[in-house]
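A short worksheet on the structure shown next.
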Amino acid sequence: MRECPTCHSEILEANTAAASRKIAGDAQELLLKARQTGDYQDCARALYGFETALEIWKENESALAGRAQAQLVFAETALGKGDLDLGLCNVDSQNPAHADVLAKLRTAQHKREMRRAMLVRMKRAMAAILCVQLFGTLIAVMLINKQKEQAMVATQLARDEATVAKKNEELARQRLAKVLAKEQPKE
């Protein structure tokens, strides 16, 4: 009995299609689980399943649709968790069904970049304010020390002048006493 080459290739293609459909079905179940759990591993397994199904049989329409859904679920999950770069890696920019999530991811990414830039500006402003305060404090300390030194010098000068004045007063008293002693009539 001879084998029919056409029959053999048709059987092989049917087996390949059946295996691809089975893998896509399993991936669809993983995708449902991923939607419920919001777990990255479930999303990745579902996406991998659909891609494997397509590698086996490129014409598997359910695997094509499933891959697009898995990419969308993965991107939505990442958006929900704030992993914007991961979301952008998984969204298909050519797929119109992904346009809404893609826009949300890009908006969130833009807002994040704006917050980062504002934080950098705030840090720079705080550093500038700190430098100004430090510089002002340094100048104030220097001026206070200078005034303190001048006050100490003035105090010492006043003490010295007071000492000289007391000495001069004592000398003046002594001279006055001498003069008064000379002028008093002797008895």
**Item:** Options GLU55, GLU29, GLU10, GLU51: the member that is at pLDDT below 95, over 24 Å from LYS104 (Cα atoms) and acidic (Asp, Glu)
**Value:** GLU10
**Message:** Please pick out the residue among ALA53, ALA34, ALA24, ALA14 that is of a type in the set (Gly, Ala, Ser) and loosely packed, with under 14 Cβ neighbours inside 10 Å.
**Reply:** ALA14
**Complete:** Cβ pairs under 7 Å, 6+ apart or interchain, first in segment 9-29 and closer than 8 Å to ALA53 by Cα, second among the aliphatic types (A, V, I, L, M) and surrounded by 11 or more Cβ atoms within 10 Å (Cβ to Cβ), ordered by first then second residue, are ALA19/ILE56; SER20/ALA53; SER20/ILE56; SER20/ALA63; ILE23/ALA53; ILE23/ILE56; ALA24/ALA53; ALA24/ALA63
**Request:** Look through segment 58-74, keep the residues that are free of Cβ contacts under 8 Å to residues at least 40 places away in the same chain and within 21 Å of LEU105 (Cβ to Cβ), and return whichever of them is surrounded by the fewest Cβ atoms within 10 Å (Cβ to Cβ).
**Result:** ALA68
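Listed here are the residues, each with its yes/no results for (1) within 30 Å of ALA65 (Cα to Cα); (2) without any contact (Cβ under 8 Å) to a residue 40 or more places away in the chain; (3) exposed (fewer than 10 other Cβ atoms within 10 Å of the Cβ); (4) touching a helix residue (DSSP H, G or I) at 6+ places or on another chain (Cβ under 7 Å).
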| position | (1), (2), (3), (4) |
| --- | --- |
| ASP92 | yes, yes, no, yes |
| LEU102 | yes, yes, no, no |
| LEU119 | no, yes, no, no |
| ILE144 | no, yes, no, no |
| GLU170 | no, yes, no, no |
| ARG173 | no, yes, no, no |
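The values are calculated or read from the model by the stated rules, or taken from the named source; none is laboratory data. Here the structure is a predicted model, which means the values were calculated and not measured. Virtual Cβ from ideal backbone geometry, glycine too; neighbours counted across all protein chains shown.
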